[in-house]
Amino acid sequence: MRAMVIREGAWFHSIASGRAPDHILPLGVLREAEIRNALRRVVPGVRAVHVPTSGGASFTAYVSIKQTRPGEAKHAISVVLGVDHYLKLVVIVDDDIDVFDESDVLWAMATRMQADRDLVVIEGSLGAILDPSASPEGLTAKLGIDATRGLGQMSAEKLVMSDAPTEWARQLVDRLGRS
């Protein structure tokens, strides 16, 4: 090196670590693609995969499937947990649930899941080195939740307001806002 240039008032660009999504979001998008590719080989009805930043874009995955055979949701849980040792919570939902809307996923868990039949727990599994809850040896427990209706079974349907009342309310708010 022959010379070094120093700029007065220079800015140093960096990425802050922690829960901020700026550095973990790309990892989550990559994991979504990996999970989707692995699942599509064995579960033909995969609709969507989301690895939310609320789970560190590493530890949690939500998967939407259109079931074609009994047991597909539980099979999908094992496949997803096998994709990446960072994953430790997987929630499988039906294709009417938006995995990118956590309130929708939580609604499916609240209305379609029963703890005595729909939980899959794997103890003593290889975990992530960055998981603060893992043992000193790096072992963790993993949880899969089948929040699907079950093939051919009736259960709670999502109640969604039609467009007409929503449009009426928007117009009313617009009129009141102009007053």
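Read-outs throughout are calculated quantities, based only on the coordinates presented, and are distinct from any laboratory measurement. Predicted model only: the values in this text are computed from it and were never measured. Using ideal geometry, Cβ is built from the backbone for each residue, glycine included, and neighbour counts are taken over all protein chains shown.
Counting only Cα atoms, the size of segment 1-134 along its three principal axes is 69, 32, 29 Å, in decreasing order.
Exposed loop sites were defined as GluC sites (Glu not before Pro) in DSSP loop states (anything but H, G, I, E or B) carrying at most 10 other C-beta atoms within 10 Å; in the chain the longest segment without such a site runs 9-136. Restricting attention to the chain, lysine pairs at least eight places apart or on different chains and with alpha-carbon atoms under 21 angstrom apart total 5. Based on the reciprocal of the average 1/r between different C-alpha atoms, the Kirkwood radius for segment 75-155 equals 13.6 Å.
Summary value for segment 57-177: 28 percent relative contact order, contacts being C-alpha pairs under 8 angstrom separated by 6+ residues. For the chain, the mean residue ellipticity at 222 nm estimated from helices alone is -11000 deg cm²/dmol, where every DSSP H run of n ≥ 4 contributes -39500 (n - 2.57) and the total is divided by all residues, rounded to the nearest 500.
Going by average Cβ neighbours within 10 Å, how do the peptides 105-116, 55-66 rank, with the highest at the top? Walk me through the numbers before you get to the answer.
Numbers: 105-116: 14.8, 55-66: 22.8.
Going by the mean number of other Cβ atoms within 10 Å, highest first, we get 55-66, 105-116.
Percent of C-alpha pairs per 5 Å bin in segment 45-93, short distances first: 5, 22, 34, 22, 12, 4, 1.
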